[in-house]
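Following: one structure in structure tokens, then a few remarks.
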Amino acid sequence: MGEPDAAQAPAAKSRAGRNLPAAVASGVVLAVVVLVSLFTVKWLFAVVVIVALIIAAHELFQAFAQASIRLTRTPVFAAVVVIPAAAYVWGVTAQLVATGLAILAILMWRIRRGYEGYVRDVTASAFVVAYLPFMAGFLMLTLAADNGPARVVVFILLTVSNDIGGYAAGVLFGKHPIAPQISPKKSWEGLVGSIILQCAVGAVSFVYLLDAPWWQGLIAGLVLTVTATAGDFAESAIKRDLGVKDMGTFLPGHGGMMDRLDSLVPNAFASWALFTVFLGSGIG
């Protein structure tokens, strides 16, 4: 999320390189799916998250394959399902145990293909487990709280406002790239826009959705701007290192699922940590 990466070609696309009608339409569909799952049967949202992670993991398998890196498919997909589910049902200890078991499974599973490329493939597979299901497990811990749906909505609002603030300010005022070699379209002006909007949204949402002090929302907005932006750059660096433009085409106007999860993944941990410090675990 955040300001879009450079160059996404032709005509119907905006100055920032995004097909806005398609992006808005797919964004609305995603929002409806998320809200319906959150406020009907709470665990349905966990199912939605796991499905998104499966799609994202598949995109990473394809991207890594282009660099001749063969991930251990079965253990990684099992981890994508089991780690978030364990976190939601049994908590953080189960999340850690499931992650440890996934790493052991990767180490043993890859041995079947011999020693050539072993370190490369195992390291990449462990990275995917840590990057996707382990980090997403913190969102499941957030969901498990008594007021979990409200906390998740605040998490989403903060992360989306980072995208919107950065996009608007970047398009209107962006002239100074932060790291042009990694993501030429992400500017310092866009970062300021992200900070302003995300802090404002944080202050309002903490007061009205979480019944918490406005200054806690301000801090959350500032911290999540940093982690969301870091997530943007991390995913851009992964794509450039692997030689891919977009992780996929699953979401019209957005690219692949990973192109939408880039800032959500680090924010899942950061928001859980902040909610826990400010509001407690919320599990009574």
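Since every read-out is calculated from the coordinates, none of them should be taken as a lab result. Nothing here was measured: the structure is a model prediction, and the numbers come from that model. Cβ coordinates were reconstructed from backbone atoms using ideal geometry, including for glycine residues, and neighbour counts include every protein chain displayed.
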Roughly how big is the chain's charge dipole about its Cα centre, with Cβ charges of +1 (Lys, Arg) and -1 (Asp, Glu), in debye to the nearest 20? 520 debye
Would you work out the Kirkwood radius for the range 45-97? I mean one over the mean of 1/r across all pairs of different Cα atoms, in Å. 11.8 Å
So what's the range 66-152 giving for Cα Rg divided by 2.2 N^0.38 Å, two decimals? 1.21
From the phi angles alone, apply the Karplus equation (6.51, -1.76, 1.60; θ = phi - 60°) to the range 103-114 and give each ³J(HN,Hα) in whole Hz, x where the residue is Gly or Pro. 5, 4, 4, 4, 4, 7, 5, 5, 4, 4, 9, x
If you take the charge dipole of the range 20-279 about its Cα centre, with +1 on Lys and Arg Cβ and -1 on Asp and Glu Cβ, which of 92, 41, 133 is farthest toward its positive end? 133
Quotient of Cα radius of gyration and Kirkwood radius for the chain, i.e. Rg/Rh, equals 0.97
Scattering curve values for the range 139-284, log₁₀ I(q)/I(0), Debye with Cα scatterers, q = 0.17, 0.21, 0.22 Å⁻¹: -0.92, -1.23, -1.30
By Cβ neighbour count within 10 Å, fewest first, 196, 106 rank 196, 106
Hey, can you grab everything whose amide H is under 5 Å from the amide H of residue 187? Only 5+ residues off in sequence or another chain; H modelled, so Pro and N-termini drop out. 178
